[in-house]
């Protein structure tokens, strides 16, 4: 869908960012009045209901091939994909806490990588059908997986030994997350980091889409190409999460992992300016995704687990969703502005290198205590 709507991607991502900002106070309001079990169940049941409606409209009214319906679905899917993962990590960081829990985060994240491998395998095998029935197939399969996730999530909550922090309602109000983003220095650094890295990732992503579109105009080819990337990423990431993530956290430290991200983006952008080919897109995308899921994401969740209770439930979701979507919007807008100013597509990422340096700087500042380093 992104490749088919390359020219209006900044607009679609802008709507996605607006939707994410709008839904966060609603989530925060629900979180204030519920405990962990209520937050988890209400959030997932909401998205299950949405998916059932999408499947109904796509199938009954034959809207799978409607460009406007697919664009609306793309905006919604941006909200869904980030929110459902963010709420999952709210569950994790409130159940698995303390120094001994650091070892679990890489293994837990490996579940996501295995799921990614499974999902990309299904997508590749159905690549021709997805062109005509993609929304229906996605909605039905997602409902099945989310129901399983609901059952397992409730089992984890029931088995948790940290009953006091899980049974009690969170309290507060619907603007706690926004208020703390402004008033709390560490949350500001975390929010800025999330905004910057997603903006930089989107610059890479939009640049790569231009290269992919020049390589092939066939939708099935592109779906298989993305599927091959996903499966390669999943294999390498699972290996990292099982065997290397915990070692990296213990011996390198999460602060240095945060700083390293900016250096990687700088190398990637230089590569795009020198050798903008489909093989580079394949290798670079794998590198960035493995580093994100294998090292950076678990490190961020370790940092999130050390925040205050209100921030664990609310601020983490705000930065994981709204600020991430704003970063996507800004990154695509940066590419759009570069094209207006007549820069070559391969040269635009070079202009973003100062933001890569800013990412490393912010990463060095957002860990506020020696324990987390």
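Odds and ends about this structure:
- Length gained on full extension, residue 263 to residue 148: 37.5 nm, using 0.36 nm per residue less the C-alpha separation.
- The fewest-to-most ranking of 222, 33 by surrounding Cβ atoms within 10 Å reads 33, 222.
- For the range 308-373: rounded, prolate or oblate by the Cα gyration tensor [a/c cutoff 1.5]: oblate
- For the range 153-219 versus the range 44-69, the spacing of their alpha-carbon centroids is 25 Å.
- Listed values [x] 0.94; [y] 0.98; [z] 1.00 include one computed from this model; for Rg/Rh (Cα atoms, Kirkwood Rh) that value carries the label [x].
- Alpha carbon centroid spacing (whole Å) that separates the range 71-121 from the range 223-286: 18
- Cα→Cβ-extended label distance, 7 Å offset, between residue 274 and residue 357, nm: 2.0
- Cα gyration tensor, the range 33-143 - rounded (a/c under 1.5), prolate or oblate: oblate
- Förster-model FRET efficiency, 22 Å R0, residue 173 and residue 81, C-beta, rounded to 0.05: 0.20
Bear in mind these aren't lab numbers, they're just calculated from the coordinates by the rules spelled out. Keep in mind that what you see is a predicted model, and the values were worked out from it rather than measured. No Cβ is skipped: glycine too gets one built from the backbone with ideal geometry, and neighbour counts run over all protein chains shown.
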